[in-house]
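Data block below; observations after.
All of the numbers you see were taken from the coordinates with simple rules; none came from a lab. Since the model is a prediction, treat every value here as computed from it, not as a measurement. Cβ atoms come from the backbone with ideal geometry, glycine included; neighbour counts cover every protein chain shown.
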């Protein structure tokens, strides 16, 4: 990132983009983007297993001078209805917000809204 280009980048990632990737490819893509200092808004959220794997992978990548980890907040899967359970239909996880831990802080989360704070001036070196 140049001095002239100090803005914060948001990437709105479609479900088609994520759906075309395997779970491992998805996690690699997310981690690469976050290490660049980008904040991702995923139309489809991550499954609990993918969230766990992302945290594990992040812990292996931490570099105290340049990358301290990820901040992740999202909405889990909606509860399946009785009919959906009988038919074996599962709902996909909903929206997930992921960014560098030094840039993004969750302020509030409820059923309908995730409020975050972006901390300027603490970008990736």
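Using 7 Å Cα-to-Cβ label points, what is the residue 95/residue 49 separation (nm, one decimal)? Here the modelled spin labels are 2.7 nm apart. As a ratio to 2.2 N^0.38 Å, the alpha-carbon radius of gyration for segment 10-118 is 1.12. Rounded to the nearest 5, the antiparallel percentage of DSSP beta bridges internal to segment 10-118 is 80%.
When ranked by the protection proxy of mean other Cβ atoms within 10 Å per residue, highest first, what sequence do the peptides 21-28, 98-105 form?
On the way: 21-28: 13.8, 98-105: 20.5.
Packing proxy ranking, top to bottom: 98-105, 21-28.
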